[in-house]
Amino acid sequence: MKPLSEELEEIEMLTLSHYNQHADAFWEGTKDHDVTQNYAAFLAPFPAGKKLDILDFGCGPGRDIRYFQSLGHRPTGLDGSEKFCRMARRYTGCQILQQTFLNLNLPRHAFDGIFANASLFHVPSLELPRVLNALQDALRPDGILFLSNPRGNNEGWFGQRYGHYMELEVSKTYLEQSGFEIIHYYYRPSGRPIHEQPWLAIVCRSAEQSMLRDNEGKPY
């Protein structure tokens, strides 16, 4: 894996520092959020009753891991925040990988699905193709990637966190270049006019032809 530039290291360090400092408040503010629409959209493409190996990418304190665990699935969490990882392990008892998004070391073809709820928007645009390639390689053939991110057309610092905000067409370009096929998308919260729906959720399927890559993320 190529070394990170100083700018990218600073982006990760400051963003993770924010989450570590506000971990308890984040948990209190998000533990009761209704994300059943996202759960249903993520699980819908899988055969009913199948027990899944799931990676919760950016798992935070473990809310979504606990839900998948309650259904009998085999979730693994991943987060760059040391405090989030400790909280998620304590809350769920599941395996939690402490890895930053720009320094991933994931097993190949290990997961049926990856649930990236409110996480991938922290990846800078220049690094997003490499991160998506890593997620692609961690999925089994025909695996499912779910992502939900705040939408927009800007990138940079928002308070103490770095964000890259995309609309559907830009998101689609990144996903297709990394071998994903969009099978469903919607805006949240449901039942509101589009200008009152700041979140874009996308369900996509891993394409087999993108599974063979060299270390730079380019097709063989």
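Take the residues of the range 29-56 that are in contact with a Pro (Cβ under 9 Å, 6 or more places away or on another chain) and not acidic (Asp, Glu): which is nearest to Gly72 (Cα to Cα)? Checked the range 29-56; the qualifying residue nearest to Gly72 (Cα to Cα) is Leu52.
Let's see how each residue does on (1) surrounded by fewer than 14 Cβ atoms within 10 Å (Cβ to Cβ); (2) aliphatic (A, V, I, L, M); (3) not in a loop (DSSP other than H, G, I, E, B):
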site: Met13; (1), (2), (3): yes, yes, yes
site: Leu16; (1), (2), (3): no, yes, yes
site: Pro47; (1), (2), (3): yes, no, no
site: Leu55; (1), (2), (3): no, yes, yes
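Picking from residues in the range 1-11 that are under 17 Å from Tyr162 (Cα atoms) and either touching a strand residue (DSSP E or B) at 6+ places or on another chain (Cβ under 6 Å) or in contact (Cβ under 8 Å) with a residue 24 or more places away in the chain (or both), the one that is surrounded by the fewest Cβ atoms within 10 Å (Cβ to Cβ) is Leu4. In the range 181-200, of all residues being of a type in the set (D, E, K, R) and outside any helix (DSSP H, G or I), the one that is farthest from Ala44 (Cα to Cα) corresponds to Arg192.
Pull up the range 59-70, narrow it to residues that are open to solvent by 20 Å² or more (accessible area, probe 1.4 Å) and either in contact (Cβ under 8 Å) with a residue 12 or more places away in the chain or under 17 Å from the mean Cα position of the chain (by Cα) (or both), then point me to the one that is farthest from Asp112 (Cα to Cα). The selected residue is Arg63.
One residue stands out in the range 18-45 among those that are within 19 Å of Asp112 (Cα to Cα) and either of a type in the set (Lys, Arg) or outside any helix (DSSP H, G or I) (or both): the one that is most open to solvent (accessible area, probe 1.4 Å), namely Ala44. Within the range 37-56, residues that are in contact (Cβ under 8 Å) with a residue 12 or more places away in the chain and β-branched (Val, Ile, Thr) sit with their Cβ atoms under 9 Å from residues that are surrounded by 17 or more Cβ atoms within 10 Å (Cβ to Cβ) and assigned to a strand (DSSP E or B), at 6+ positions apart or across chains, in these pairs: Ile54/Pro75; Ile54/Thr76; Ile54/Phe111; Ile54/Asp112; Ile54/Gly113; Ile54/Ile114; Ile54/Phe115. The residues in the range 73-88 that are under 30 Å from Pro47 (Cβ atoms) and not in a strand (DSSP E or B) can be counted, and the count is 2. Could you please let me know if Leu145 is in contact (Cβ under 8 Å) with a residue 12 or more places away in the chain and closer than 21 Å to Pro189 by Cα? When the stated conditions are applied, Leu145 passes them. On the basis of being of a type in the set (A, V, I, L, M), farther than 30 Å from Ile183 by Cβ and at pLDDT below 95, does Leu4 make the cut? For Leu4, the condition - of a type in the set (A, V, I, L, M), farther than 30 Å from Ile183 by Cβ and at pLDDT below 95 - is met.
Of all residues in the range 91-143, those satisfying the criterion of being part of a strand (DSSP E or B) and either out of contact with any strand residue (DSSP E or B) (no Cβ under 8 Å at 6 or more places or on another chain) or open to solvent by less than 30 Å² (accessible area, probe 1.4 Å) (or both) are Ile96, Phe111, Asp112, Gly113, Ile114, Phe115, Ala116, Asn117, Leu139, Gly143.
The values are calculated or read from the model by the stated rules, or taken from the named source; none is laboratory data. Quick caveat, the model's predicted, so the values are computed rather than measured. Heads up, the Cβs are rebuilt from the backbone with ideal geometry, glycines too, and the neighbour counts pull from every protein chain shown. The accessibility values were calculated without ligands, DNA or RNA, using every heavy atom of the protein model including side chains. Shrake-Rupley method; radii C 1.70, N 1.55, O 1.52, S 1.80 Å.
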